[in-house]
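In what follows, a structure is listed as structure tokens, so that the remarks can point back to it.
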Amino acid sequence: MLRLGLYGGSFDPIHHGHLILGRQAMEDLCLDRVIFIPAAESPFKPDQPGASAGDRLAMIRLAIQNEPRFAADPLELNREPPSYTIYTARAYRAQYPQAALFFLIGEDHVPALPKWNEFDQLDQLVNFAILSRSDLPAELRYPVVRRRFDLSSTEIRKRIANNLPISYLVPENVLRYIHERNLYRGEAYRS
């Protein structure tokens, strides 16, 4: 049976932490593929400033280009925002009716999970897996993919806005893209 990891998020920008957790999920959950699905706009973060949808998708493609079991899907970018996961789950269930679908979410989203649009149906369409970057004990009804590190897209955006280096935090080709496009500059990102 095909096992797909659906990795949703803003990926603004994608960084090594996303890639590390994607790889760890592939190993821990025996996934055949991990598909990065950037959100057009999170229903929980409307009007948040950031890179354009096209830039975020381009950075994902650059970051995963050498990993054949990673893919990027612009499905949510091609829909009107906000990005409700239930629509993505239905689309994947229709395309892969026999596959085991694992929706990968960060541990910071767990408290709001029951508030997600049509959560009860969503919980039946996909298997949630929690991506954890900490050693915090968690009693969850979903499997936890754990890899300890302290890195976030928010931190990266603030470092860029404050003219601090982000080398080693993002893949080199993503770093070049951010600099070429002059992304994450301005007051909106400063700490």
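The values are calculated or read from the model by the stated rules, or taken from the named source; none is laboratory data. As the structure is a computational prediction, the values presented were derived from the model and not from experiment. We place every Cβ from the backbone using ideal geometry, glycine too, and count neighbours over all the protein chains shown. Just the protein is used for accessible areas: all its heavy atoms, side chains included, with ligands, DNA and RNA removed. Shrake-Rupley method; radii C 1.70, N 1.55, O 1.52, S 1.80 Å.
Restricting R33, R23 to residues that are more than 21 Å from E107 (Cβ to Cβ), more than 11 Å from the chain's Cα centre (by Cα) and either modelled with pLDDT of 95 or more or among the hydrophobic types (A, V, I, L, M, F, W, C) (or both) narrows the list to R33. Listed by first and then second residue, the pairs linking a residue in the stretch 105-127 that is farther than 18 Å from G5 by Cβ to a residue that is among the aromatic types (F, W, Y) and open to solvent by 60 Å² or more (accessible area, probe 1.4 Å), with Cβ atoms under 6 Å apart and 6 or more places separating them unless they lie on different chains, are N117/Y84.
Given the criteria under 19 Å from the mean Cα position of the chain (by Cα) and at pLDDT 95 or above, does L104 qualify? Yes; evaluated as a whole, the condition is true for this residue. Residues of the stretch 90-103 that are in contact (Cβ under 8 Å) with a residue 60 or more places away in the chain, open to solvent by less than 60 Å² (accessible area, probe 1.4 Å) and under 12 Å from I35 (Cβ atoms): Y92, A99, L101, F102, F103.
Of the residues examined, I64 is one that is closer than 20 Å to N173 by Cα and among the β-branched types (V, I, T). Residues of the stretch 1-33 that are open to solvent by 30 Å² or more (accessible area, probe 1.4 Å) and among the hydroxyl-bearing types (S, T, Y): S10 alone. What residue, among those in the stretch 67-85 that are modelled with pLDDT of 95 or more and open to solvent by 40 Å² or more (accessible area, probe 1.4 Å), is farthest from H18 (Cα to Cα)? Selected residue: L75. Of the residues making up the stretch 47-61, one or more are open to solvent by 20 Å² or more (accessible area, probe 1.4 Å), acidic (D, E) and at positive phi. Evaluation of Q121 against the conditions (1) farther than 19 Å from V34 by Cα; (2) open to solvent by 50 Å² or more (accessible area, probe 1.4 Å); (3) outside any helix (DSSP H, G or I) shows that the sole unmet condition is (3).
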